[in-house]
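Here is the structure we will look at.
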Amino acid sequence: MSARKVSVYIATSVDGYIATENDSLDWLFRSEPEGDAGYAEFYETVDTIIMGRRTYDWVMEQVKGKYPYEEKKSYIYTSSPKENESNITFTSEEPSTLIDRIKKDDDGTIWLVGGGALINDFLQNNLIDEFIISIAPVLIGKGIPLFKNSEMEHDLELTEVRRYGQFAQLYYQIKKS
């Protein structure tokens, strides 16, 4: 088994939401962390990006159509077929099949960007190795939760805690049985 890991590097509100019901992240940008909250350091380790189609569409809208991760291999989960682009593969492949295949390549971190439904699918299939969760100093009341209701339990090990201004960043390894 390769040493590659699947990481979820994400921000949530204190009450556990990654976006509002209408996919807004305005709440996140109202509270600026100190510096980049470790993003550049994390991103340097990443060679592969995985995200859901709604997250991809949101990102593309925010950046006016210029994909910000173009130098990385990217896999976008979608149920609607779309033609692949230079370094972007649109897929509906089973998560375990995709991870088995890409873990054989290179040795960088595989960043599972989101959204919540895709994170849940990967978690249900025991494919996530670590969570790096930045907690923003805000309560948004309702929205898209980081963790959906699940029948599975996962034991985590807190390996590090960092502070970036008013943001707390928690590093958890998922204990594998």
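The values are calculated or read from the model by the stated rules, or taken from the named source; none is laboratory data. Only a predicted model underlies this, so the values are computations on that prediction, with no experimental measurement involved. So basically every Cβ, Gly included, is an ideal-geometry build from the backbone, and we count neighbours across all protein chains shown.
Within region 57-87, the only residue that satisfies the criterion of being free of Cβ contacts under 8 Å to residues at least 24 places away in the same chain, among the hydroxyl-bearing types (Ser, Thr, Tyr) and closer than 13 Å to Trp111 by Cβ is Tyr69.
Just a yes or no: is a residue in region 16-33 crowded, with 19+ Cβ neighbours inside 10 Å, under 15 Å from the mean Cα position of the chain (by Cα), at pLDDT 95 or above and of a type in the set (A, V, I, L, M, F, W, C)? So far as region 16-33 goes, no, none of its residues is crowded, with 19+ Cβ neighbours inside 10 Å, under 15 Å from the mean Cα position of the chain (by Cα), at pLDDT 95 or above and of a type in the set (A, V, I, L, M, F, W, C). Does any residue of region 39-57 turn out to be in contact with a strand residue (DSSP E or B) (Cβ under 7 Å, 6 or more places away or on another chain) and part of a loop (DSSP other than H, G, I, E, B)? The answer is no; no qualifying residue exists. The residues of region 143-166 that are touching a residue at least 60 places away in the same chain (Cβ under 8 Å) and either exposed (fewer than 11 other Cβ atoms within 10 Å of the Cβ) or small (Gly, Ala, Ser) (or both), listed by number, are Gly143, Gly165.
A single entry from Phe90, Phe131 fulfils the requirement of being at pLDDT 90 or above, in a strand (DSSP E or B) and farther than 23 Å from Phe42 by Cα: Phe90. Scanning region 47-98 for residues that are in contact with a Leu (Cβ under 8 Å, 6 or more places away or on another chain) and among the polar types (S, T, N, Q) yields Thr55, Thr91, Ser96.
Scan region 62-86 for residues that are of a type in the set (Phe, Trp, Tyr) and over 15 Å from the mean Cα position of the chain (by Cα) and the total you get is 1. Within region 1-15, the set of residues being in a loop (DSSP other than H, G, I, E, B) and modelled with pLDDT of 85 or more comprises Arg4, Lys5, Val14, Asp15. For region 75-87, the candidate set comprises residues that are modelled with pLDDT of 95 or more and of a type in the set (Ser, Thr, Tyr); within that set, the residue that is nearest to Val6 (Cα to Cα) is Tyr75.
Just so you know, in region 99-123 the residues that are touching a Leu at 6+ places or on another chain (Cβ under 8 Å) and closer than 19 Å to Tyr69 by Cβ include one that is surrounded by the most Cβ atoms within 10 Å (Cβ to Cβ), and it is Leu112.
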